[in-house]
Amino acid sequence: MFRFLLRRVALTVPTFIALMFVTFVAIRLVPGDPVEVRVGERGISAERLAHFRHELGLDQSIPKQFLDYATQLLHGDFGTSLATNQKVLTEFLALFPATLELAFAAMLFAVLLGIPAGTAAAARRGSLFDQTLMGLSVTGYSMPIFWWGLLAIMLVAERWGLTPVSGRIDLIKFYFEPVTGFMVIDAWLSGQAGAVKDALHHLVLPAVVLGTVPLAVIARMTRSSMLEVLSEDYVRTARAKGLPAWRVVGLHALRNALIPVVTVIGLQVGALMAGAVLTETIFSWPGVGKWLIESIGRRDYPALQGGVMLISSVVILVNVLVDVTYGAINPRIRHG
Amino acid sequence: MADSPQDLHPLRAFWASFCENRGAVIGFAFVLAIVLMALGAELIAPHGPNEQFREAVRAAPAWADNGSVRFLLGTDSLGRDLLTRLIYGARVSLFIGVAVMGVSFILGVALGLACVSFKGALGQAIDVAITRLMDLVMAVPGLVLAILVVAVLGPSLTNTIVAVTIVNLPRYVRLVRASALSELGKDYVTGARVAGVGPARLMLFTVLPNCLSPLIVQAALGVSDAILEAAALGFLGLGAQPPTAEWGTMLADAREFIRSDPWLVTLPGVAILVTVVSINLMGDGLRDALDPKMRRS
């Protein structure tokens, strides 16, 4: 197991190097003078230009520049934002809990609804419920979530007034210093009456919107994996023993059917981060996705560069975690 | 079954098998209609895509109380006919989808076959280099990578195609590589080799045709992914630029009228959703018909 873990972690090293290389090259492809791009000043004087060229290391050779960039990254220095003059890593870490909270809630919604729905559809294969669910599932994973979000705001928030339109909490009623960065937990820690309810109230609509595509994928995957398992001999044995249908499906079959579903859930993390960019933009959710889009608008290239690097790193690490968990559940993967 | 599929012409057998899936046929019919609409936009559309009617800014659709049949789906904030722009938008979206699919298909085949074509240390080095590169692209969340590419190259229709192609390419490369690898071990390939077929011919005419089924399915589903991603870029203001009638961009423009004119927000999204669902339904049917192994139970 330990060797499997080591091998899996070692495999990410070339990916990280390539990722560094891509972000390194990308910022050099931005049209315009590299100093202007990274210092954000126009019509800069000759000596200031020379000063910044030296400070940014642009007077060095390209391989040396890449090496310096890699060294910086390995020391946890992801550059400095032009807009705020703060370290990109500091900004990212301040905003990341918001994204994590949203993504977690979305995944919870998708899993809690998707697995039972997929199981029920498989158990009643071909029924009206099954057909409806599969129809909804195709619609779900075809969903342009930026439109889905607007539609949700238009109907649920504006017309029916069931949820707030945007943000994480009502800032007029509640104020407290962030402790964990997770609004629901911070609200609970603050002890203010109604704060947790308000935070959850803000969370539910964006989470449902972000969770729609994973929900469709998980329901579909559970269904087909379940159908496969239900034709196995041990399921027939369980049925022959006279166990009630819910025990056969819910206990014996589901446990094995879930193995591929776990992988799919892990693979959705990347999609969730991409979806967060859109969902956060629509709901004014102050997370890393919205921040990334705003950085582009401000032409804050160091923030964009560092942000892409950090978001991708998170996804790579989560994928390693999924693989390792999967290897722990399923020895065939580990020794394959 | 009355007559076994073996007796039929392969295309007939394929069609019969495709028609077994009702959803696929419906999807196919919709795709056909959308393609015809896109091709004949000039003939069908009641107005010009950028024609402005100053006297009818944000006119209501025909079914509303103050709507008129002149603008069936109403007009946008610049007084342009929404129906017309949706029809022309189909052209932009389908063009992006097909362009991305075409380029990814060709590059995917070339890179995928390159992975398995060469022998010895050089061959292995090429294989590792391409596979690692594709792993990297897969590691970055699709939309985030597309955003990076467009932010660097500048927003435009062409750069949207470039960005979305980069994001989608790995799936094609991996698919070609994996199916070519499994085909290469089979007897008919050894037979062709023994018969003296050259390496290029072996790859392109012996191996490739046998890898096509999953690739065609991927291509069909790839079109819908590309359309969705391009629309998302358009929505973020990083895709096709105004005044191009692109569905995502139209949605972004309509955002501020979400309260006053909900149809401006609703209709472009419906257009995207219907197109993507139709293509996905058709793709599912293609998969069932072409690749019995992957058949959804």
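The values are calculated or read from the model by the stated rules, or taken from the named source; none is laboratory data. Predicted, not measured: the structure shown is a model, and the values here were computed from it. Here the Cβ is made from the backbone with ideal geometry for all residues, glycine too, and neighbour counts use every protein chain on show.
Identify all residues within region B:252-287 that are among the acidic types (Asp, Glu) and over 18 Å from residue A:140 (Cβ atoms); write none if there are none. Correct list: B:253, B:256, B:261.
Among the residues of region A:23-32, those identified as buried (at least 19 other Cβ atoms within 10 Å of the Cβ) and either facing chain B (nearest Cβ under 7 Å) or outside any helix (DSSP H, G or I) (or both) are A:26, A:30.
Regarding residue B:131, is this residue out of contact with any helix residue (DSSP H, G or I) (no Cβ under 8 Å at 6 or more places or on another chain) and surrounded by fewer than 21 Cβ atoms within 10 Å (Cβ to Cβ)? Considered against the rule, which asks whether it is out of contact with any helix residue (DSSP H, G or I) (no Cβ under 8 Å at 6 or more places or on another chain) and surrounded by fewer than 21 Cβ atoms within 10 Å (Cβ to Cβ), residue B:131 comes out as no.
Yes/no matrix, rows are residues, columns are (1) more than 10 Å from every other protein chain (Cβ to nearest Cβ); (2) of a type in the set (S, T, N, Q):
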| residue | (1), (2) |
| --- | --- |
| B:209 | yes, no |
| B:220 | yes, no |
| B:227 | no, no |
| B:241 | yes, yes |
| B:251 | no, no |
| B:264 | yes, no |
| B:272 | no, no |
| B:280 | no, yes |
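Taking the criterion of being loosely packed, with under 11 Cβ neighbours inside 10 Å and closer than 18 Å to residue A:115 by Cβ, the residues of region A:234-260 that qualify are A:245, A:246, A:255.
Might you check whether a residue that is more than 14 Å from every other protein chain (Cβ to nearest Cβ), assigned to a helix (DSSP H, G or I) and either surrounded by 18 or more Cβ atoms within 10 Å (Cβ to Cβ) or out of contact with any Pro (no Cβ under 9 Å at 6 or more places or on another chain) (or both) occurs anywhere in region B:135-157? So far as region B:135-157 goes, yes, one or more of its residues are more than 14 Å from every other protein chain (Cβ to nearest Cβ), assigned to a helix (DSSP H, G or I) and either surrounded by 18 or more Cβ atoms within 10 Å (Cβ to Cβ) or out of contact with any Pro (no Cβ under 9 Å at 6 or more places or on another chain) (or both). Among the residues of region A:220-243, is there at least one that is touching a residue at least 60 places away in the same chain (Cβ under 8 Å) and more than 30 Å from residue A:152 (Cβ to Cβ)? Yes: region A:220-243 contains one or more residues that are touching a residue at least 60 places away in the same chain (Cβ under 8 Å) and more than 30 Å from residue A:152 (Cβ to Cβ). In the set (1) surrounded by fewer than 24 Cβ atoms within 10 Å (Cβ to Cβ); (2) touching a residue at least 60 places away in the same chain (Cβ under 8 Å), the condition left unmet by residue B:230 is number (1). Which of the residues spanning region A:146-169 are touching a helix residue (DSSP H, G or I) at 6+ places or on another chain (Cβ under 6 Å) and facing another protein chain (nearest Cβ under 8 Å)? Selection gives A:146, A:147, A:148, A:150, A:154. Being in contact with a Leu (Cβ under 7 Å, 6 or more places away or on another chain), assigned to a helix (DSSP H, G or I) and surrounded by 12 or more Cβ atoms within 10 Å (Cβ to Cβ) holds for only one residue in A:70, A:98, A:103, and it is A:103.
Conditions tested, residue by residue: (1) over 18 Å from the mean Cα position of the chain (by Cα); (2) among the aliphatic types (A, V, I, L, M); (3) part of a helix (DSSP H, G or I).
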residue	(1), (2), (3)
B:72	yes, yes, no
B:104	no, no, yes
B:108	no, no, yes
B:111	yes, yes, yes
B:116	yes, yes, yes
B:121	yes, yes, yes
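Only one of the numbered conditions (1) under 30 Å from residue B:155 (Cα atoms); (2) within 14 Å of chain B (Cβ to nearest Cβ) is violated by residue A:11, and that is (1). Within region A:186-219, being of a type in the set (Ser, Thr, Tyr) and either within 15 Å of residue A:274 (Cα to Cα) or touching a helix residue (DSSP H, G or I) at 6+ places or on another chain (Cβ under 7 Å) (or both) holds for one residue alone: A:212. In the set (1) assigned to a helix (DSSP H, G or I); (2) surrounded by 15 or more Cβ atoms within 10 Å (Cβ to Cβ); (3) not acidic (Asp, Glu), residue B:190 fails one condition alone, (2). Of the residues in region A:141-159, none is in a helix (DSSP H, G or I), within 23 Å of the chain's Cα centre (by Cα), within 28 Å of residue B:271 (Cα to Cα) and polar (S, T, N, Q).
Condition first: more than 9 Å from every other protein chain (Cβ to nearest Cβ), in a helix (DSSP H, G or I) and among the hydrophobic types (A, V, I, L, M, F, W, C). Now tell me which residues in region A:277-316 satisfy that. Within region A:277-316, A:283, A:288, A:291, A:303, A:309, A:310, A:314 qualify. Within the set B:201, B:295, the sole residue that is basic (Lys, Arg) and at pLDDT below 85 turns out to be B:295.
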